[in-house]
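The values are calculated or read from the model by the stated rules, or taken from the named source; none is laboratory data. Just so it is clear, the structure is predicted and the values come from calculations on it, not from any experiment. Every residue, glycine as well, gets a Cβ built from its backbone with ideal geometry; the counts of neighbours run over all protein chains shown. What goes into the accessible areas is simple: the full protein's heavy atoms, side chains included, and nothing from ligands, DNA or RNA. Shrake-Rupley method; radii C 1.70, N 1.55, O 1.52, S 1.80 Å.
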Amino acid sequence: MSSRGTFGSKLAIVLATAGSAVGLGNIWRFPFMTGQNGGAAFILVYFACILLLGIPGMVNEFLVGRHAQTNAARAYGQIGGRGWRTIGYLGILTSTIILGFYAVVAGWCLQYLYASIAGQLDGDPAYVVSYFQTFSSDPLKPCLWGVGFVLITHVVVAQGVEKGIERASKLLMPLLLILLLILVVASCMLPGAGKGIEFLLKPDFSKVSSGVFLEALGQAFFSLSLGTACLCTYASYFKRDTNLLRSATQIALLDSAIAILAGLMIFPAAFSVGVQPDSGPSLIFITLPNVFREAFSAMPVVGYVISILFYALLVFAALTSTISMHEIGTAFFHEELRLPRQRAAWILTVVCSVIAVFCSLSVGAYSNLQVFGMSLLDFCDFLTAQLMLPAGAFLTSILMGWFANRQLVKDEFTNGGTLRETFFKAWFFSIRYIVPLCIVLIFLHQFGVL
Ligand code: PHE
């Protein structure tokens, strides 16, 4: 087996892992899920999921990965015995499916980057909607952008961990944050924006449907990259003295802040120009071009530059996430099948490209590509975010809370006794009882048993 790298500095660890967490989940998925689930009430449930289940779950995965310093499947096996490798296999499968459909949306972002450079997105709100519909129903273009995105990911991953991932994250994450802040201000100043702010901040519990709990749970896990073994794989490159609880908390807070900022960027503008908040996956694509045009109407050049910068950063945010999904499978095939890294990466690339093509066609030219009444893209999203991620997190809690050697877990959590034990007790209680129980209750509720 080849020697494994570690992330260079503490900042790089947090940034790279945050790079995995922050992506289309925050900027594309969070707004449209919030819009479909009635706004502020959904956000409250979402925050509860992040705090009660997300942060303890992240620490859980970090522990497994950093302890074992190997790929996800082997890491779980080392902690619990051969049978527990299943969690790693499940994670690899989940992240492969996610990469497949995620690349489609990332491909849309690439198209929008190109279109904003070419000045094609300039028009009234009706034109912006029809632009999205025309583009996404083309049989070829969105497939090519999607596969193109998988290939870009491939190039970075095949280069190796430190070089590719670290360098990209350091610079671009802070830049994205600054640009988001500018766009939030711009969006909130549009006429009629107040309704959108109210939608985000004033809970309307009459809009809370029974599905809201599982959807909020799925969104929280998706956004934190939790339950895919992705955090476990990244943690395998962490240093021994990294404070895992602190890192998890920092990343979860940053991730949630970016999601809220994305909401504050989208909804005021959507209400201002009359885009329906529950428009689904197209929401950000039919809202944002209006922000760039209307908010900067007095200075069109600024609007033009900002739109290009925004789509470019969105593409990079998506890329730091797809890299992490790709890395899970690549590390596995590289170490388990003893394939050269390049070849291991190709396996992932080919499989994900095929999934991406079918998902893309299912929301465009071949809308009869449906599973259980959903487009293939929506189905893959539902299957992974709402079923496979919670299942992965649930099993990890059971392993770490009930089956793993408790001394080992404690040593790993406290970095060999150098960190406080109080936090260990609270965390251990939560992964033993709270996390598994809540996930089971939410499942039972969703499937009508409760
Ligand atoms: N968390 C990423 C996002 O918000 C998506 C992701 C899910 C990445 C699962 C890795 C694993 O965009």
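Numbers at a glance
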{"read-out": "With all protein chains modelled, accessible area of ILE431 [1.4 Å, Å²]", "value": "0"}
{"read-out": "Protection-proxy order for peptides 278-288, 90-100, 108-118, each taking the mean of Cβ atoms within 10 Å per residue, highest first", "value": "90-100, 278-288, 108-118"}
{"read-out": "Summed side-chain charge close to ASP124 - residues other than ASP124 whose Cβ falls under 11 Å, Lys, Arg +1, Asp, Glu -1", "value": "-1"}
{"read-out": "Average accessible surface area per residue within the chain, 1.4 Å rolling probe, Å²", "value": "38"}
{"read-out": "At 1.002 mPa s and 20 °C, Stokes D of the stretch 6-75 from Kirkwood alpha-carbon radius, µm² per second", "value": "150"}
{"read-out": "Packing rank of 266-273, 30-37, where each peptide gets the mean count of other beta carbons within 10 Å, highest leading", "value": "266-273, 30-37"}
{"read-out": "Estimated distance in nm for a label pair at ARG338 and LEU44, the labels positioned 7 Å out from Cα along Cα-to-Cβ", "value": "5.8"}
{"read-out": "Inter-label distance, nm, simple model (7 Å from Cα along the C-beta direction), ALA391/LEU253", "value": "3.5"}
{"read-out": "Ranked order, ARG246, ARG29, ARG74 - accessible area, probe 1.4 Å, largest first", "value": "ARG246, ARG74, ARG29"}
{"read-out": "Estimated inter-spin distance, VAL354 and THR418, nm [label 7 Å along Cα→Cβ]", "value": "4.7"}
{"read-out": "Extended-chain gain in nm, criterion 0.36 nm per residue less alpha-carbon gap, MET189 and LEU444", "value": "87.5 nm"}
{"read-out": "The chain: Lys pairs at Cα distance under 19 angstrom, eight or more positions apart or on different chains", "value": "8"}
{"read-out": "Local electrostatic count at LEU387 - Lys and Arg +1, Asp and Glu -1, tallied over other residues with Cβ under 14 Å", "value": "-3"}
{"read-out": "Coarse-grained scattering of the stretch 98-234 at q = 0.22 Å⁻¹, given as base-10 log I(q)/I(0) from a Debye sum over alpha-carbon atoms", "value": "-1.36"}
{"read-out": "Rg over Rh [alpha-carbon atoms, Kirkwood Rh] for the chain", "value": "0.96"}
{"read-out": "Shape of the stretch 168-309, Cα gyration tensor, a/c cut at 1.5", "value": "oblate"}
{"read-out": "Assigned charges on the beta-carbon of Lys, Arg, Asp, Glu; the chain dipole about Cα centre (debye)", "value": "1280"}
{"read-out": "Rounded FRET efficiency, nearest 0.05, which uses the C-beta distance separating ILE197 from VAL302 and R0 of 22 Å", "value": "0.40"}
{"read-out": "Calculated P(r) tail over 14 Å for the stretch 308-354, as whole % of Cα pairs", "value": "56"}
{"read-out": "Pairwise FRET efficiency - LEU51 versus ARG82, Cβ, R0 = 30 Å, nearest 0.05", "value": "0.30"}
{"read-out": "Potential extension, TYR114-ALA365 segment - 0.36 nm per residue separation minus Cα distance", "value": "88.2 nm"}
{"read-out": "Cα coordinate range in the stretch 75-136, projected on the principal axes (Å, largest first)", "value": "59, 19, 14"}
{"read-out": "Within the accessible area of the chain (1.4 Å probe), percent carbon and sulfur", "value": "67"}
{"read-out": "Charge-dipole axis of the chain as Lys and Arg at +1 and Asp and Glu at -1 on Cβ define it, positive-most pick from ILE258, ILE434, GLY401", "value": "GLY401"}
{"read-out": "Modelled FRET efficiency - R0 25 Å, LYS239 with VAL155, Cβ distances, 0.05 increments", "value": "0.40"}
{"read-out": "Extension gain from ASP124 to LEU144, taking 0.36 nm per residue of separation minus the Cα-Cα distance", "value": "4.5 nm"}
